[in-house]
Amino acid sequence: MSRIGHRSAARNYLPESKLEDLAIRLRRLANHRGLVRKEIASPMLLRLLPGPLRGEAHVYESDLRRKLQEANLDAERVAYLMAHAEQEIDIAHARLAG
């Protein structure tokens, strides 16, 4: 049995709520006043992190959801990204707190 087929099949069963949770965290991080993009440790997180909100929120959110769906993330990568997004949010908070 091919590992590639197994992996892509597993991605098809990723609950949409997990991608929604990830989108929420990425949106919070991308728009945090304490964020310094060049200091983000995870290349994968940096690649998927949207720019700050400019324009209409519903367009921004739908673009982010589409980007996450097109990334074809498995559950392990979603968990990795959520954990690193939370760490970066904590770091951004600490920057503002001094």
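Just so it is clear, none of the values below were taken in a lab; they were calculated from the coordinates. What you see is a predicted model, and the numbers here were worked out from it, not measured in a lab. Please note: Cβ atoms are built from the backbone with ideal geometry, for glycine as well, and neighbour counts cover all protein chains shown.
Here are the numbers for this structure:
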item: Segment residue 56-residue 21, length gained on full extension (0.36 nm per residue, minus Cα span); result: 10.6 nm
item: J(HN,Hα) series, region 85-90, from Karplus relation 6.51 cos²θ - 1.76 cosθ + 1.60, nearest Hz, glycine and proline x; result: 5, 5, 4, 5, 5, 4
item: Karplus 3J(HN,Hα) series, Hz, for region 66-83 with 6.51 cos²θ - 1.76 cosθ + 1.60 (x for Gly, Pro); result: 4, 4, 5, 5, 5, 5, 6, 7, 8, 4, 5, 5, 4, 4, 4, 5, 5, 5
item: Approximate shape of the chain as ellipsoid semi-axes (Cα gyration tensor, √5λ), whole Å, largest first; result: 26, 16, 10
item: Theoretical ellipticity at 222 nm over the chain - DSSP helices of four or more residues, -39500 (n - 2.57) apiece, nearest 500; result: -22000 deg cm²/dmol
item: Inter-label distance, nm, simple model (7 Å from Cα along the C-beta direction), residue 46/residue 96; result: 2.3
item: In degrees, nearest ten, helix 3-12 long axis to first principal axis of the chain (Cα); result: 60
item: Segment residue 86-residue 33, length gained on full extension (0.36 nm per residue, minus Cα span); result: 17.6 nm
item: Order of 95, 66 under a 10 Å beta carbon neighbour criterion, fewest first; result: 66, 95
item: Relative contact order computed over the chain (Cα-Cα under 8 Å; 6+ residues apart), in percent; result: 45
